[in-house]
Amino acid sequence: MGARHVLFGFAVGVVLAAGCDRTAPTEPDAPEAAVVGPQPAAKGLDADGTMHLSEEDRCPVCAMRPAEHADFACAIELKDGRTFAFCGTGCMIRSWLHPEVHLGVGREQLGRAVVRDWLRGEPLDASAAIWVAGSDVVGPMGPALVPLRDEADLEVFRARHGGTDTFRLDELDDARWLELTGKPAG
């Protein structure tokens with residue numbers, strides 16, 4: 001390998017290393033603190049599931065800001081009260097299926113998942129929702145998985161937006177996720 005290749009490789013390494021700073025912002029006199037794993041939302045959920053999104057919140061799967069995608073934003077609250085906000089239902093469901101990968105916690109620590117009912121805009125327990133895949137609705141990460149309150153809303157939604165598959169959150173596993181999205185969940 002020539003000297004130019006070594007020098008180029010060194011320069012690329014320096015640039016990449018500079019872009020991979022994984023430390024949290026700190027006060028000028030405070031020691032740097034490393035950010036380890038996904039960070040919970042600034043505020044938790046209300047008892048009725050109302051989300052309080054802040055500009056600082058980041059989706060733990062894709063790092064988008066849920067506040068910028070409020071129509072699709074959803075959350076998972078852990079049993080210890082920490083809440084993670086997501087840019088869309090796909091990121092939330094992936095985290096529900098694989099919390100150890102996306103949230104850094106075990107399945108036994110999951111509390112509740114809250115979404116926005118697509119037609120009403122109200123908080124909805126993700127486990128109670130009827131989910132629709134294959135509609136014309138596009139979310140922040142592409143084709144959306146849409147949560148609805150009941151069968152009557154499903155009829156209205158399908159008349160407006162189509163939808164090829166329905167499911168419940170407790171029916172999902174890796175194989176069904178792959179069938180619905182064409183992508184691995186983990």
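Can you name every residue in segment 130-186 that is touching a Phe, Trp or Tyr at 6+ places or on another chain (Cβ under 8 Å) and at positive phi? Within segment 130-186, GLY163 is the sole residue that qualifies. Taking segment 110-138, which residues are of a type in the set (Asp, Glu) and out of contact with any helix residue (DSSP H, G or I) (no Cβ under 7 Å at 6 or more places or on another chain)? Selection gives ASP117, GLU122, ASP125. If the condition is being in a loop (DSSP other than H, G, I, E, B) and either free of Cβ contacts under 8 Å to residues at least 60 places away in the same chain or among the aromatic types (Phe, Trp, Tyr) (or both), then segment 141-186 contributes LEU145, ARG149, ASP150, ARG168, GLY182, LYS183, PRO184.
Taking segment 65-109 as the range and being surrounded by 20 or more Cβ atoms within 10 Å (Cβ to Cβ), in contact with a helix residue (DSSP H, G or I) (Cβ under 8 Å, 6 or more places away or on another chain) and over 23 Å from ARG176 (Cβ atoms) as the test, the residues that pass are ALA73, ALA85. Under the condition of being surrounded by fewer than 20 Cβ atoms within 10 Å (Cβ to Cβ) and assigned to a loop (DSSP other than H, G, I, E, B), the residues counted in segment 110-136 number 8. Of all residues in segment 43-64, those that are buried (at least 18 other Cβ atoms within 10 Å of the Cβ), more than 13 Å from GLY139 (Cβ to Cβ) and aliphatic (A, V, I, L, M) total 3.
Every number in this text was worked out from the coordinates using simple rules, so none of it is lab data. For clarity, every value in this text was computed on a predicted model and none was experimentally measured. FYI the Cβ positions are ideal-geometry reconstructions off the backbone, even for glycines, and counts take in every protein chain you see.
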